[in-house]
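Contents: one structure, followed by commentary.
The values are calculated or read from the model by the stated rules, or taken from the named source; none is laboratory data. For clarity, every value in this text was computed on a predicted model and none was experimentally measured. Here the Cβ positions follow ideal geometry from the backbone for every residue, glycine too, while neighbour counts run over all protein chains shown.
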């Protein structure tokens, strides 16, 4: 019978996700509904459904957005081709790309312009990877696994660099980097690692949970890369672990012979879902909820320039009206 719940800290929303969700809400406030969002703003079904109720319209392509309307690019980033397409359609673009993803895009451009061949470590078809590949498609090769790194054949290794998706497993990515550095000794990486602080912190926290709990529940959507990595990290430390959208996905049979349950959330999962999971566990006997802290996060990101300009104009009009009155 469950007696204790261990909550990972940090968990849930990171600065980039918090910013992206707020971007959509501010755009709706300034421009009214509908505001179109290309792809899911963040990979969480609850968040997407809530924003839909508030007036956001999610589309797969900027080509689905009526000419002249407002479109928000998701936190995962887009390729230059998508930006050009949006401009050609006369769309008002608000870019909610996480600044840490933008950093990787800038690195790809810089390496390509300097004549480097780039090895991008990431998951094929993930939106972030598609955007990064689009920055220098002729100079970039995608590698997903250690096995692919071992088989990688490149014509010219005179100038070679690697970059990574921001939401990967820290341990798995390092294994791939180790293979690349062994096979291509002159390869260089980014000045600062690309896996984001939030991804790394949540993986550290879930590993600690897995040492102290028999079962680890990860709140997050199945298309969330960083959430899936948390499940893998917990399993790698010997705990049973499951990815759940919310408390309705919990199978009571998972609790058999379990006294301590660890709970964490992917970077795109809101805290209210964690609270619902904890309430569900309390109803089944948990009497103690304890937070296990491995890091404190104080990172914040400014709103996109497009929204800051609109906000500034609104304040100016308000000030002018008050003065005239």
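Odds and ends about this structure:
- Test result for residue 37, part of a strand (DSSP E or B), in contact (Cβ under 8 Å) with a residue 24 or more places away in the chain, in contact with a strand residue (DSSP E or B) (Cβ under 7 Å, 6 or more places away or on another chain) and farther than 19 Å from residue 224 by Cβ: no
- Here the stretch 140-157 is the region considered, the condition is being under 25 Å from the mean Cα position of the chain (by Cα) and part of a loop (DSSP other than H, G, I, E, B), and the residue that is surrounded by the fewest Cβ atoms within 10 Å (Cβ to Cβ) is 145.
- Count - residues of the stretch 9-34 that are in contact with a strand residue (DSSP E or B) (Cβ under 7 Å, 6 or more places away or on another chain), touching a residue at least 40 places away in the same chain (Cβ under 8 Å) and either crowded, with 17+ Cβ neighbours inside 10 Å or within 26 Å of residue 217 (Cβ to Cβ) (or both): 6
- Residue within the stretch 187-203 that is touching a strand residue (DSSP E or B) at 6+ places or on another chain (Cβ under 9 Å), modelled with pLDDT of 95 or more and exposed (fewer than 15 other Cβ atoms within 10 Å of the Cβ) present: yes
- Taken over the stretch 149-171, residues that are in contact (Cβ under 8 Å) with a residue 12 or more places away in the chain and touching a strand residue (DSSP E or B) at 6+ places or on another chain (Cβ under 9 Å) amount to 14.
- If you filter the stretch 102-133 down to residues that are touching a residue at least 12 places away in the same chain (Cβ under 8 Å) and assigned to a loop (DSSP other than H, G, I, E, B), you find that the one that is nearest to residue 186 (Cα to Cα) is 116.
- Filter result (under 19 Å from the mean Cα position of the chain (by Cα) and assigned to a loop (DSSP other than H, G, I, E, B)) within the stretch 62-75: 74, 75
- Residue count, the stretch 224-253 (criterion: in a helix (DSSP H, G or I) and touching a strand residue (DSSP E or B) at 6+ places or on another chain (Cβ under 6 Å)): 5
- Any hit, the stretch 242-251, residues being out of contact with any helix residue (DSSP H, G or I) (no Cβ under 6 Å at 6 or more places or on another chain) and over 18 Å from residue 277 (Cα atoms): no
- Residue, farthest from residue 213 (Cα to Cα), within the stretch 249-280, restricted to residues that are surrounded by 14 or more Cβ atoms within 10 Å (Cβ to Cβ) and over 24 Å from the mean Cα position of the chain (by Cα): 280
- When each of 59, 78 is tested for being more than 30 Å from residue 214 (Cα to Cα), within 21 Å of the chain's Cα centre (by Cα) and surrounded by 21 or more Cβ atoms within 10 Å (Cβ to Cβ), the lone residue that passes is 78.
- Restricting the stretch 86-123 to residues that are over 30 Å from residue 169 (Cα atoms) and surrounded by 17 or more Cβ atoms within 10 Å (Cβ to Cβ), the residue that is nearest to the chain's Cα centre (by Cα): 93
- When each of 50, 54, 69, 64 is tested for being more than 21 Å from residue 198 (Cα to Cα) and in contact with a helix residue (DSSP H, G or I) (Cβ under 7 Å, 6 or more places away or on another chain), the lone residue that passes is 54.
- Residue list for the stretch 40-56, filter: over 18 Å from the mean Cα position of the chain (by Cα), touching a residue at least 12 places away in the same chain (Cβ under 8 Å) and part of a helix (DSSP H, G or I): 54
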